[in-house]
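Peer 1: Can you keep this structure in mind? I'll have questions shortly.
The values are calculated or read from the model by the stated rules, or taken from the named source; none is laboratory data. Model, not experiment: these values are computed from the prediction. Virtual Cβ from ideal backbone geometry, glycine too; neighbours counted across all protein chains shown.
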Amino acid sequence: MTRLPSRPARPPMPPARPPMPPAPFRPPAAGRRARRAGRRLRRAPLALATAVLLVIEVYPLVWLLLGSLKTQSEFMNNPTWALPTDWTNFDNYRQAWESGVSRNLLNSVIAVFPSLALIIVFGVAAGFALEVMVWKGRGTVLLVFLGGIMIPSQMILLPLFSAYFKTHLTGTVWPLILTYTATGLPLTVFMMATYFRSIPKELFEAATIDGASAFRSFRSIAFPMMTNAIFTVGLVQFFFLWNDLLLAMTFTSGAGHDELATVQVGLLSFQGRFGAVQYGPTMAAICVNVLITLALYLFLNQRVMKGMTAGAVKG
Amino acid sequence: MRQVLGDRKTIAALLAPALITYSAVMLAPMLWSLGYTFFSGSPVRGFTWSGLANFAELFKDPKTKDAIAFTAKYALTITTGQVALGYLLALLYVFYLKRSSTLIRTLTFFPVVLPTVAVSLLFQKLFEIAPATGPVNSALEALGGEAVNWFGSGSNAFWVIAIMDIWRSMGFYAVLLYAGLVDIPEDVIESARLDGAGGWRLARFIVFPMSWPVLISALIFSINGTLKVFDSIYALTGGGPGSQTTPLTLYMYRTAFAYGDYGYGSSIALLLTMLCLVVTVFMFRGTRKDLTA
């Protein structure tokens, strides 16, 4: 569970609000202008820092993108910051695609999306049972789920490996789906419970008075009301599962079933086969991998940022 | 009302799928793993009872010591780097860029969602020395320095790992801490300014104490993540050169799958779990004292 560090059990304390201060003092106009110029000068280093920051964040990816369009001789003979000579040279991509990337992508999709669906359905149902339904011991069960956030994957890896082997699941996609679903549940249940807490209880009580069964309330009220939360949590879990290496490596390539290798495992072995010899295809393979997550992020960036950090501070 | 929202059958039906999956695939294996620590061997070779030998080995094995030392060094360096740089970025967003910070925030956050393996392979190429010279070494040469064989020694490789992991996640901590800084009421800062506090003193006495709780959350979050680091180091250096950049997680993986010793591997995993637990509890208690003092 490298990707799910624990989070504190309570939200940060809200800062105390002091009494209102008097209205801010306004300097006369001439002084204000001089002050503004001075401030601009003082802030020049900050503007420079921001520019440097942007270069550091963006340049590696630009370099990667350019590299994926270069030929082998360009890598060897031209300086590393040279632009590609032929901007429409997609040979690297074709080569990467044909030597396994397409298969890996398909494997990832087959493993990740069923897991996501299970995580969401199980997680929302459990969140509803733990937060909206009224029964003794629900606090304890929620805590049991929470504990799972702390457990490192290493702790469950070996027994699972033996268990899947003994039940003859090794060599199929099931070990990945089962493990992904289980490791995604603690955070999902916890976040769903938090979201349900913010829905007024009166809503479900009113539905009950109108004659809805608890299951009906769940299906017709809770689930539709949670679409936003479900989308956010699903997005966060998608990145976790899609980017996973440890579990995928253990249950696919570790078991000697390379035909099941996911994108990340495939990329690593691709690098092993081609990396030192052929730069272009390797760069193209990395690029494909990066562009998928990047495209998703570009469309949904605010959503992703909110979801990813909510997992850290909430609760 | 009670009857409907407390209906046992519905509760069971809704809770069972999640609880059963979670228990079967996480809780049971955890206990099973605890059982493994008293044995040596693997499913292929068969298991033999070894009592507490694995735990004795944990204290004697120099490789475990190295792995613990590396994990500690890594966790401390990266946590400090991530949270400190993230905090600086958050301050930059709030006090310099203000409302126009959305674009910068979005850009600095995106390495967070990139696949670790892809980023690791990218950094291998960025810091490469031969056969092709990567951008970092090219820049060093252009500035009159000498190209460095970054993956040739443990200490150099450590710096690449550190730079990469901080690059990857500082945007995340920046957004996390930004949320805490934005929560500081405008009027508190304004009134402190009127009282003559500026720049450093404003940061030291107002901004820093008021963002303390969210800073602690970030630290706990970060140290837990860094103690469990695996993907990025495995893909970047593979633990090498030799085993000089091998954290506990990777050592555990090697012990179990390369040397086929599940018993000792489980003991290392247990050690790791305890480490995470102790550090988190310790930080919680330490910070709670600070808040009440």
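Peer 1: Looking for whichever is at the interface with chain B (Cβ under 10 Å from one of its Cβ atoms) and under 30 Å from residue B:222 (Cβ atoms) here; the options are A:112, A:134, A:141. Which one fits?
Peer 2: Step by step, each of A:112, A:134, A:141 is checked, and only A:141 is at the interface with chain B (Cβ under 10 Å from one of its Cβ atoms) and under 30 Å from residue B:222 (Cβ atoms).
Peer 1: Among (1) free of Cβ contacts under 8 Å to residues at least 40 places away in the same chain; (2) in the same structural domain as residue A:191 (by TED's automatic domain parsing); (3) surrounded by fewer than 22 Cβ atoms within 10 Å (Cβ to Cβ); (4) not acidic (Asp, Glu), there is one condition residue A:103 misses while meeting the rest; what is its number?
Peer 2: (1)
Peer 1: Now for a separate question. Every residue in the stretch B:109-156 that is assigned to a loop (DSSP other than H, G, I, E, B), more than 7 Å from every other protein chain (Cβ to nearest Cβ) and touching a residue at least 40 places away in the same chain (Cβ under 8 Å), please.
Peer 2: Matches in the stretch B:109-156: B:151, B:152, B:153.
Peer 1: Right, here's the next one. For a quick check of your reading: which helices (runs of 4 or more DSSP H) sit entirely within the stretch B:159-270 and have at least 3 residues that are free of Cβ contacts under 8 Å to residues at least 12 places away in the same chain? Please lay out each step first, then the result.
Peer 2: Values: elements: B:186-194, B:199-202, B:212-227, B:231-236, B:248-253.
By residue number, B:186-194, B:199-202.
Peer 1: How do the pairs read when you match residues in the stretch A:196-217 that are more than 10 Å from residue A:132 (Cβ to Cβ) and in the same structural domain as residue A:129 (by TED's automatic domain parsing) with residues anywhere that are modelled with pLDDT of 85 or more and among the acidic types (Asp, Glu), using Cβ under 6 Å and keeping only pairs 6 or more apart or on different chains?
Peer 2: Listed by first residue and then by second, the contacts come to nothing, as the list is empty.
Peer 1: Collect the residues in the stretch A:70-89 that are farther than 19 Å from residue B:127 by Cβ and either in contact (Cβ under 8 Å) with a residue 24 or more places away in the chain or exposed (fewer than 13 other Cβ atoms within 10 Å of the Cβ) (or both), keeping them in residue-number order.
Peer 2: A:71, A:72, A:73, A:77, A:83, A:85, A:86, A:87, A:88, listed by residue number.
Peer 1: Find all pairs meeting these conditions: Cβ atoms under 7 angstrom apart; at least six residues apart or on different chains; first residue within the stretch B:76-100 and without any contact (Cβ under 8 Å) to a residue 12 or more places away in the chain and on the phi < 0 side of the Ramachandran plot; second residue β-branched (Val, Ile, Thr) and surrounded by 20 or more Cβ atoms within 10 Å (Cβ to Cβ).
Peer 2: So the pair list comes out as B:97/B:104.
Peer 1: Now a separate question. Report, by residue number, each residue of the stretch A:152-182 that is at the interface with another protein chain (Cβ under 7 Å from one of its Cβ atoms) and either within 21 Å of the chain's Cα centre (by Cα) or buried (at least 21 other Cβ atoms within 10 Å of the Cβ) (or both).
Peer 2: A:152, A:154, A:155, A:156, A:158, A:159, A:160, A:178, A:179, A:181, A:182, listed by residue number.
Peer 1: Ok, one more. Do we find a residue being within 7 Å of another protein chain (Cβ to nearest Cβ), out of contact with any strand residue (DSSP E or B) (no Cβ under 6 Å at 6 or more places or on another chain) and in a helix (DSSP H, G or I) anywhere in the stretch B:36-46?
Peer 2: Scanning the stretch B:36-46 turns up at least one residue that is within 7 Å of another protein chain (Cβ to nearest Cβ), out of contact with any strand residue (DSSP E or B) (no Cβ under 6 Å at 6 or more places or on another chain) and in a helix (DSSP H, G or I).
Peer 1: Take residue A:100 and decide whether it is touching a helix residue (DSSP H, G or I) at 6+ places or on another chain (Cβ under 9 Å) and within 10 Å of another protein chain (Cβ to nearest Cβ).
Peer 2: When the stated conditions are applied, residue A:100 does not pass them.
Peer 1: In addition: Go through the stretch A:49-95 and count every residue that is more than 18 Å from residue A:284 (Cβ to Cβ), at the interface with chain B (Cβ under 9 Å from one of its Cβ atoms) and within 27 Å of the chain's Cα centre (by Cα).
Peer 2: Number of matching residues: 7.
Peer 1: Only one residue in B:236, B:215, B:250 is closer than 23 Å to residue B:96 by Cβ and either of a type in the set (A, V, I, L, M) or more than 8 Å from chain A (Cβ to nearest Cβ) (or both). Which one?
Peer 2: Values: B:236 fails: closer than 23 Å to residue B:96 by Cβ; B:250 fails: closer than 23 Å to residue B:96 by Cβ.
When all the criteria are applied, what remains is B:215.
Peer 1: Could you list, in sequence order, all residues of the stretch B:12-43 that are among the polar types (S, T, N, Q), over 26 Å from the mean Cα position of the chain (by Cα) and either modelled with pLDDT under 90 or within 16 Å of residue A:166 (Cβ to Cβ) (or both)?
Peer 2: Passing the criteria: B:40, B:42.
Peer 1: Quick check on the stretch B:245-261: of everything there that is at pLDDT 90 or above and not aliphatic (A, V, I, L, M), which residue is surrounded by the most Cβ atoms within 10 Å (Cβ to Cβ)?
Peer 2: If we take residues in the stretch B:245-261 being at pLDDT 90 or above and not aliphatic (A, V, I, L, M), then B:247 is surrounded by the most Cβ atoms within 10 Å (Cβ to Cβ).
Peer 1: Let me ask you something else. Could you give every pair whose Cβ atoms fall below 7 Å, whose first residue belongs to the stretch A:163-179 and is over 20 Å from residue A:122 (Cβ atoms), and whose second residue is buried (at least 16 other Cβ atoms within 10 Å of the Cβ) and among the aliphatic types (A, V, I, L, M), counting only separations of at least 6 or pairs across chains?
Peer 2: A:170/A:255; A:171/A:255
Peer 1: OK, next. Looking at the stretch A:219-238, can you tell me whether even one residue there is within 8 Å of chain B (Cβ to nearest Cβ), touching a Phe, Trp or Tyr at 6+ places or on another chain (Cβ under 6 Å) and buried (at least 22 other Cβ atoms within 10 Å of the Cβ)?
Peer 2: no
Peer 1: Sticking with this one: Please verify whether residue B:193 is among the basic types (Lys, Arg), touching a helix residue (DSSP H, G or I) at 6+ places or on another chain (Cβ under 9 Å) and either buried (at least 22 other Cβ atoms within 10 Å of the Cβ) or over 30 Å from residue B:137 (Cα atoms) (or both), treating the condition exactly as stated.
Peer 2: For residue B:193, the condition - among the basic types (Lys, Arg), touching a helix residue (DSSP H, G or I) at 6+ places or on another chain (Cβ under 9 Å) and either buried (at least 22 other Cβ atoms within 10 Å of the Cβ) or over 30 Å from residue B:137 (Cα atoms) (or both) - is met.
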